[in-house]
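Take a look at the structure below.
The values are calculated or read from the model by the stated rules, or taken from the named source; none is laboratory data. Quantities reported herein were computed from a predicted structural model and do not represent experimental measurements. Methodologically, a virtual Cβ is constructed for each residue, glycine included, from the backbone with ideal geometry; neighbour enumeration extends over all protein chains shown.
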């Protein structure tokens, strides 16, 4: 009698152990924090491969862009344990490194054979290094991004519209290559009736609360010759931030806002741009490349109806860097698992799949592939843009610097208070105070 | 006698139910000590959640502390934060914006609220329904109100713009309530008035209902006309209630944040950046904790001081 009882007990124990195994695997779980947008959905899809391979479950904490910085910087500053991995904005890197929020990855990269030379230089500088241009790495370039433009290719190719533009401008209607051309095209479309609907020239960023207007206006400023500081004398801004070229660039952005945007676009950022473009309200839209795969798939304005172009030049080339690196949060209790995720994510095959799902890889294995420019209608423009990106300050005080610029730009561009020269002079005053407080001046 | 004896019985029973150890301890305490025993937990709680943070804020206001850099050395800066705030033109602009918002929204709310209270105070058909309808806006969350008025104010699709366009014959997209420097300060006044007029109406209604009917009857005997009755009876009797409503709304609007933040984010430019938005940006976006503590202290002293003066005036009015 005893033998069957023992066997039954052994079988029951075996079943319990077998049932517990998946549960144990699932109990290992990482939380990844990022913004709530299209590429985040692609990452969820991609990360299923990681879970299948490692048995580590992935949980995601996505926050809308307008509260993304507030939410996660508060989390980091309060040493919260919510995020094991974070895809933090490029400008956070200085503060996160100096305040010990991110794990320094140099030793890990060396141990695992992850080479920064395998990633596009602009993304390594923008997303990983602090101090800039030094081999101190706090993140792995995860999501390359920059500002680009979309336009209504179907409108641009309509004979009646082309003829009207030819008559007005004396040249063929084409995606603009300079800011002057952009304004000319935008003013041509402004108020025009197409298919019985009144449309507008261009959508540009104007948001006040977080970073919107800064991410927009810098695209004009860079092209006109704005510099953050004297290249020979760090933090010396006089004559660079408020140079004659910078003033022209800022004046131009305001003129574009005044002449060629839809009414009510006084506090608009990424989502409002997508809405305006998808609803057929505007002819051209400024936005991050990250949204372009989704727009291309849009049934109403995607496919043959949409075209893309890089940020126009004026005196020189330049476009605002977007994108982020992926970092391990120093307060995470699952640091080793988080590092395992980064090791997995850095593999060329995973990076290729990342691009195919809609994420923008920064890996040279993807970007230097001869077939890359033709792999998507916006791929070539993305590659060009990543070669001309410039970023906002990534100092530990970046949030203060950003809010100062938000205020000065919105005061001038949207509220029409003062002149461009005054706005930039006041910006230097604000930034000087910040750098003095930080002991850098 | 019967009552006294039953109370004694109850006290005896309660005493018998008290555990002997506790009873022995309490028996030796004076009335004053027992009173302290009861109020001490409340006082400790108040000290912990009100007084201590206030003292801590005052202390931080004299330092360069930043909450996002807890490891940075703390430096005593004396009155530097205070002088910096009081000499900053942007801070004064925010204070002016706040003053404009407070004065105009309260003026409109008092006029409309009192007017509505006078109307609602009369008995008419559908009286209950109309009272409920009027009260609806104040039951909504300020965040919800801020968000949906943003949609109502949209120049191309907003209902508000279309209604104004219908009445005035203008193009709906020819004006922007929250995007125009001139109109935006009035847009936040308008929305706050829409939301909080019912609150003032309720308080005024309470005042109107508290007026004894015999006063009006006596006035009628004296052949006083409607205006005279209003001027000599209604207004003086409702005035303390009205002033109370002004006090509540004044304090509330002085620290208004959520509705304005959602409606305009302080824009266009800094046109509607009220003091609380400036404070939030300094404290939780720029992380200038010492500076923002000083700003919070200044705002606290301003509200506290003005409210105290106002309460004294209110007491004077009540005694008249």
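Some observations on this one:
- Among the conditions (1) out of contact with any helix residue (DSSP H, G or I) (no Cβ under 8 Å at 6 or more places or on another chain); (2) at pLDDT 90 or above, the only one that residue A:6 does not satisfy is (2).
- Hey, residue B:163 without any contact (Cβ under 8 Å) to a residue 12 or more places away in the chain and exposed (fewer than 12 other Cβ atoms within 10 Å of the Cβ) or not: no
- Boolean, residue A:394 is more than 14 Å from chain B (Cβ to nearest Cβ), touching a residue at least 12 places away in the same chain (Cβ under 8 Å), in a loop (DSSP other than H, G, I, E, B) and closer than 19 Å to residue A:234 by Cα: yes
- Test: residue in region A:226-240 that is within 13 Å of another protein chain (Cβ to nearest Cβ), crowded, with 19+ Cβ neighbours inside 10 Å, at pLDDT 95 or above and under 24 Å from residue A:418 (Cβ atoms): no
- Within region A:310-375, helices (runs of 4 or more DSSP H) holding 1 or more residues that are in contact with a strand residue (DSSP E or B) (Cβ under 6 Å, 6 or more places away or on another chain) and not assigned by TED's automatic domain parsing to the domain that holds residue A:297: A:335-345, A:348-357
- Of residues in region A:251-304 being more than 12 Å from chain B (Cβ to nearest Cβ) and assigned to a loop (DSSP other than H, G, I, E, B), the one surrounded by the most Cβ atoms within 10 Å (Cβ to Cβ): A:301
- Selection of first residues in region B:279-296 that are on the phi > 0 side of the Ramachandran plot and within 11 Å of chain A (Cβ to nearest Cβ) and of second residues that are modelled with pLDDT under 95 and part of a helix (DSSP H, G or I), restricted to Cβ pairs under 9 Å at least 6 apart or on distinct chains, gives the following pairs, ordered by first then second residue: B:287/A:73; B:287/A:77; B:287/A:399; B:287/A:400.
- Residue that is farthest from residue A:266 (Cα to Cα) [pool: residues in region B:156-165 that are within 11 Å of chain A (Cβ to nearest Cβ) and more than 31 Å from the chain's Cα centre (by Cα)]: B:157
- Whichever residue in region B:76-88 is within 11 Å of chain A (Cβ to nearest Cβ) and not in a helix (DSSP H, G or I) and, among such residues, is nearest to residue A:100 (Cα to Cα): B:77
- Yes/no for residue B:311 being within 23 Å of the chain's Cα centre (by Cα), touching a residue at least 12 places away in the same chain (Cβ under 8 Å) and away from chain A (no Cβ under 14 Å): yes
- Candidate set: region B:166-210, residues that are in a loop (DSSP other than H, G, I, E, B) and away from chain A (no Cβ under 14 Å); chosen: the one farthest from the chain's Cα centre (by Cα): B:169
- Pairs, first within 10 Å of another protein chain (Cβ to nearest Cβ) and free of Cβ contacts under 8 Å to residues at least 12 places away in the same chain in region B:61-75, second outside any loop (DSSP other than H, G, I, E, B) and surrounded by 14 or more Cβ atoms within 10 Å (Cβ to Cβ), C-beta under 9 Å, six or more apart: B:70/A:77
- In region A:184-217, the residues that are over 25 Å from residue A:90 (Cβ atoms), within 14 Å of chain B (Cβ to nearest Cβ) and assigned to a loop (DSSP other than H, G, I, E, B): A:190, A:191, A:199
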